[in-house]
Amino acid sequence: MSGTPSARSRLLNPKILTWLRAGLTLLTFAAIAWYVHSRPRLDVSALSLRWGYLAAACACLPPLLYLRAVKWRILLRGAVPDITLRQALRSYLGAMALGLVTPGRVGEFSRGLYLPQREAQGWRTAGLVLIDNWIDFLAVLAWACLGWLACFGGRGLAWGAALAMVFAPIPFWLRTAAKVTSKLPSWKGLRDSAHKGFEAGTGVAGRDYLGAFGAGLAAYGLEWLQIAFLLAFLAPSLPDPWRLAGMMALVSLANTFQVTLAGLGVREGIAMVLLAREGVGPEAAVVAAFLQSALVLFVPALAGLAVKPVALYAGNEIRGGDGLGDPD
């Protein structure tokens, strides 16, 4: 294509995006270093380190990322039938660095920039990211029912199940949002773009919603197993498995919208309060929650820096082969 790329296209240039992600990742790790340094010293004598459990927790990461990629591929295949699991995984990892440091992890909406298919670019894929996050929220709500049961008995379980059912009909809520946005005044095309994003759910088959939800449930179940391994690494005793899963689901639910950089401090504090109900000491709760954040967020974000974004230029033209390396 001839002509000078637009300002938006220059911003989305692969080299600029790569440096932006690297800079934000360094900022995140600087915040982690500050957080670790500024925390009151923990009484490590209260911890019993059993390294085999730490190795088991680390071993949970590959299957966890596999389940996340499977869920993302299930949602993508209606719009991109030829999407591969490898491409879905690289798209997921590539956007993590931006997702970590943006409020509500909105940086994850850039996943389409790491997919080579033309139909995967733009607001439709951003809408699919919204659905992906929504399904994660539903999976957490489902697991949180165990937490409500542990805290409030049968009444808490009933209220938790009712709340999950309110958010369950995703296509209905997306169609409603699409209708609302279509009536808003247009501002530099934002109305039409948002409308397309909300309409993304219409291309997802019912069986794909169920498949993605099943993968999300399994992924969070693996996260609760991982936190159990981390607590076993640090503490001599553990809560009942179902109570631990329910409490950690409540921790994730409370930290759905990040109010600190990468959620630092908030998740550890909530975990300390809720796990104290189950007899877990504050040192073990804080360290286990921090280690899990490092495993499921920071390590994959570092790996995602190796994923090269696909080049976007004025006129929505895409250059580059399979999107897995440097564009030509």
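Only one of the numbered conditions (1) in contact with a helix residue (DSSP H, G or I) (Cβ under 7 Å, 6 or more places away or on another chain); (2) modelled with pLDDT under 75; (3) surrounded by fewer than 19 Cβ atoms within 10 Å (Cβ to Cβ) is violated by GLY197, and that is (3). Considering only residues that are in contact with a Gly (Cβ under 6 Å, 6 or more places away or on another chain) and either among the charged types (D, E, K, R) or at pLDDT below 85 (or both), which ones fall in region 71-95? Those that are in contact with a Gly (Cβ under 6 Å, 6 or more places away or on another chain) and either among the charged types (D, E, K, R) or at pLDDT below 85 (or both): LYS71, GLY78, ALA79.
Every residue, every condition in (1) under 19 Å from the mean Cα position of the chain (by Cα); (2) crowded, with 17+ Cβ neighbours inside 10 Å; (3) touching a residue at least 40 places away in the same chain (Cβ under 8 Å), yes or no:
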site: ALA276; (1), (2), (3): no, no, no
site: GLY279; (1), (2), (3): no, no, yes
site: GLN292; (1), (2), (3): yes, yes, yes
site: LYS308; (1), (2), (3): no, yes, yes
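Among the residues in region 161-179, are any buried (at least 19 other Cβ atoms within 10 Å of the Cβ) and either more than 24 Å from the chain's Cα centre (by Cα) or modelled with pLDDT under 75 (or both)? Checking region 161-179: not a single residue is buried (at least 19 other Cβ atoms within 10 Å of the Cβ) and either more than 24 Å from the chain's Cα centre (by Cα) or modelled with pLDDT under 75 (or both). Output yes when any residue across region 146-159 is aliphatic (A, V, I, L, M) and without any contact (Cβ under 8 Å) to a residue 24 or more places away in the chain, and no when none is. Looking for residues that are aliphatic (A, V, I, L, M) and without any contact (Cβ under 8 Å) to a residue 24 or more places away in the chain, one finds at least one in region 146-159, hence yes. With respect to (1) in a helix (DSSP H, G or I); (2) in contact with an Asp or Glu (Cβ under 9 Å, 6 or more places away or on another chain); (3) surrounded by fewer than 21 Cβ atoms within 10 Å (Cβ to Cβ), the lone exception for TRP134 is condition (2). Examine region 92-111 for a residue that is in contact (Cβ under 8 Å) with a residue 24 or more places away in the chain, over 30 Å from ALA303 (Cβ atoms) and over 12 Å from the mean Cα position of the chain (by Cα), and state whether such a residue exists. For region 92-111, residues in contact (Cβ under 8 Å) with a residue 24 or more places away in the chain, over 30 Å from ALA303 (Cβ atoms) and over 12 Å from the mean Cα position of the chain (by Cα): absent. Is region 207-215 home to any residue that is among the small types (Gly, Ala, Ser) and either at pLDDT below 75 or surrounded by fewer than 20 Cβ atoms within 10 Å (Cβ to Cβ) (or both)? Yes: one or more hits. I'd like to know if region 213-223 contains one or more residues that are of a type in the set (A, V, I, L, M, F, W, C), more than 25 Å from VAL286 (Cα to Cα) and in a helix (DSSP H, G or I). Yes, region 213-223 contains at least one residue that is of a type in the set (A, V, I, L, M, F, W, C), more than 25 Å from VAL286 (Cα to Cα) and in a helix (DSSP H, G or I). Restricting the search to helices (runs of 4 or more DSSP H) fully inside region 45-103 and requiring at least 3 residues that are out of contact with any strand residue (DSSP E or B) (no Cβ under 8 Å at 6 or more places or on another chain) and of a type in the set (Lys, Arg) gives 61-76. Restricting LEU113, LEU149 to those that are surrounded by fewer than 20 Cβ atoms within 10 Å (Cβ to Cβ) and either assigned to a helix (DSSP H, G or I) or of a type in the set (Lys, Arg) (or both) reduces the list to LEU149.
Can you spot a residue in region 183-192 that is modelled with pLDDT under 95 and crowded, with 20+ Cβ neighbours inside 10 Å? Within region 183-192, not a single residue is modelled with pLDDT under 95 and crowded, with 20+ Cβ neighbours inside 10 Å.
The values are calculated or read from the model by the stated rules, or taken from the named source; none is laboratory data. Keep in mind the model is a prediction, meaning the values are calculated, not measured. Note: ideal-geometry Cβ built from the backbone for every residue, glycine included; neighbour counts use all protein chains shown.
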